[in-house]
Amino acid sequence: MRYLTFALSKGRLAKDTMKLLNTIGISCRELEQGDTRKLIFVNEELKLKFFLSKGPDVPTYVEYGAADIGVTGKDTILEEDRKCYEVLDLGFGKCRMCVCGRKESEELLKHHEMIKVATKYPKIAKDYFYNSKHQTVDIIKLNGSVELAPIVGLSDVIVDIVETGSTLKENGLSVLEEVCPLSARMIVNRVSMRMEYERINDIISRISEGLKT
Ligand code: PRP
């Protein structure tokens, strides 16, 4: 039997994924103990491998078959737009992709004005403004702390993740429009899905059953 390899997003998503896998009898002691700089972990008994990567790299590993299965956020899946199957909504890591800004900026979204939009997610922002709202905008790519942009005058609004809303609140910003809901998703390499159908489908079915209860 060959190893099935999982690519997990470093941090909380990886922890929540292991908790979920534990419920269907899949564990990886070394990985779950944490406190290590190791990147690859093995469960010899089940012939499974796990590795941790930056969230946006998970779909890349899965598309190229370096991992058979990946878990990452829907935001990353939309932004990276890689060729793989999205097979399950895992129900954790829930948040929303939103257009945010000062309350006064709400008007700018109503009249197809040319506005500046700062975001870590240029593809999602472009798709939303161009294809859903038919508004031509100037998209400015940032790498984090995006809420700063409208405050210091870099942009009119931002497209960013809102979870509790506290970052917005503490910076005098609000949600102006919702782009889409987000959560952690399981993705599968297209060839692995065919070649290892039984094992992968068994994992998907068991998780999916567990999520229903
Ligand atoms: C994310 C997101 C928001 C914040 C939202 O940032 O980009 O800034 O969390 O969470 P909240 O609604 O619960 O306040 P993250 O902490 O991942 O860091 P970043 O700003 O560097 O992207």
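Consider segment 106-121. How many of its residues are under 27 Å from the mean Cα position of the chain (by Cα) and not in a loop (DSSP other than H, G, I, E, B)?
The total comes to 7.
Check 172, 144, 165 and return the single one that is out of contact with any Ser or Thr (no Cβ under 8 Å at 6 or more places or on another chain), assigned by TED's automatic domain parsing to the domain that holds residue 102, surrounded by fewer than 18 Cβ atoms within 10 Å (Cβ to Cβ) and closer than 29 Å to residue 50 by Cβ. Give the steps one after another, and end with the answer.
Values: 172 fails: closer than 29 Å to residue 50 by Cβ; 165 fails: closer than 29 Å to residue 50 by Cβ.
The unique qualifying residue is 144.
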By residue number, the members of segment 133-165 that are outside any strand (DSSP E or B) and in contact with a strand residue (DSSP E or B) (Cβ under 8 Å, 6 or more places away or on another chain) are 135, 142, 146, 147, 149, 150, 154, 155, 156, 163, 165
Can we say residue 202 is in contact with a Cys (Cβ under 7 Å, 6 or more places away or on another chain), of a type in the set (Asp, Glu) and either closer than 26 Å to residue 23 by Cα or within 11 Å of the ligand (Cβ to nearest atom) (or both)? no
Just give me the residues in segment 28-51 being in contact with a helix residue (DSSP H, G or I) (Cβ under 8 Å, 6 or more places away or on another chain), part of a strand (DSSP E or B) and surrounded by fewer than 18 Cβ atoms within 10 Å (Cβ to Cβ), in sequence order. 42
Which condition number in (1) touching a residue at least 60 places away in the same chain (Cβ under 8 Å); (2) more than 28 Å from residue 63 (Cβ to Cβ); (3) within 16 Å of the ligand (Cβ to nearest atom) is the one that residue 103 fails? (3)
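Residues are listed down the side, and each one gets a yes or a no for (1) within 11 Å of residue 159 (Cβ to Cβ); (2) surrounded by 16 or more Cβ atoms within 10 Å (Cβ to Cβ); (3) of a type outside the set (D, E, K, R):
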{"site": "95", "(1), (2), (3)": "no, yes, yes"}
{"site": "99", "(1), (2), (3)": "yes, yes, yes"}
{"site": "105", "(1), (2), (3)": "no, yes, yes"}
{"site": "112", "(1), (2), (3)": "no, no, yes"}
{"site": "117", "(1), (2), (3)": "yes, yes, yes"}
{"site": "123", "(1), (2), (3)": "yes, no, no"}
{"site": "126", "(1), (2), (3)": "yes, no, no"}
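Results for (1) modelled with pLDDT of 95 or more; (2) within 15 Å of the ligand (Cβ to nearest atom), shown as yes or no for each residue.
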{"position": "110", "(1), (2)": "no, no"}
{"position": "116", "(1), (2)": "yes, no"}
{"position": "142", "(1), (2)": "yes, yes"}
{"position": "147", "(1), (2)": "yes, yes"}
{"position": "161", "(1), (2)": "yes, yes"}
{"position": "169", "(1), (2)": "yes, yes"}
{"position": "185", "(1), (2)": "yes, no"}
Would you mind telling me which numbered condition in (1) closer than 24 Å to residue 16 by Cα; (2) part of a helix (DSSP H, G or I); (3) assigned by TED's automatic domain parsing to the domain that holds residue 63 residue 191 fails? (1)
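The values are calculated or read from the model by the stated rules, or taken from the named source; none is laboratory data. Quick caveat: nothing in here was measured; it's all calculated off a predicted structure. Neighbour counts are summed over all protein chains in view; Cβ atoms, including those assigned to glycine, are modelled from backbone coordinates with ideal geometry.
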